[in-house]
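Asker: Input: one structure, supplied below.
No lab work stands behind these numbers, since they all come straight from the coordinates. Just so it is clear, the model here is predicted, and its values are computed rather than measured. FYI the Cβ positions are ideal-geometry reconstructions off the backbone, even for glycines, and counts take in every protein chain you see.
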């Protein structure tokens, strides 16, 4: 039986008109798990603890 992730991934591929092999799903699962871990870290971050520097969108940052 497919787990929820595999079923959703296969449905997404199908809607895009693509066939997904088992190897494709392993790769997509690995990328998903890596990104999810990064999002978990951001979800737990406290922005009040980090220095804040205002960003001026009218001016590009200087490159050094």
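Asker: How much length would be gained if the chain were fully extended between residue 18 and residue 53, taking 0.36 nm per residue of separation minus their Cα-Cα distance, in nm to one decimal?
Answerer: On the way: separation 35, 0.36 × 35 = 12.60 nm, distance 4.40 nm.
Gain in length upon complete extension: 8.2 nm.
Asker: Scale the Cα Rg of the chain by the rule-of-thumb value 2.2 N^0.38 Å and send over the ratio, two decimals. Can you show the working numbers first?
Answerer: Values: Rg = 19.1 Å, N = 64, 2.2 N^0.38 = 10.7 Å.
Taking the Cα Rg and dividing by 2.2 N^0.38 Å, one obtains 1.79.
Asker: Turning to a different aspect of this structure: Pick from 29, 49, 15: which is most flexible by mean-square fluctuation in a GNM of the chain where alpha carbon atoms under 10 Å apart are linked?
Answerer: 49
Asker: What nm value, rounded to one decimal, do you get for the distance between residue 41 and residue 5 when each label is placed 7 Å out toward the C-beta?
Answerer: Spacing of the two 7 Å Cα→Cβ label points: 1.8 nm.
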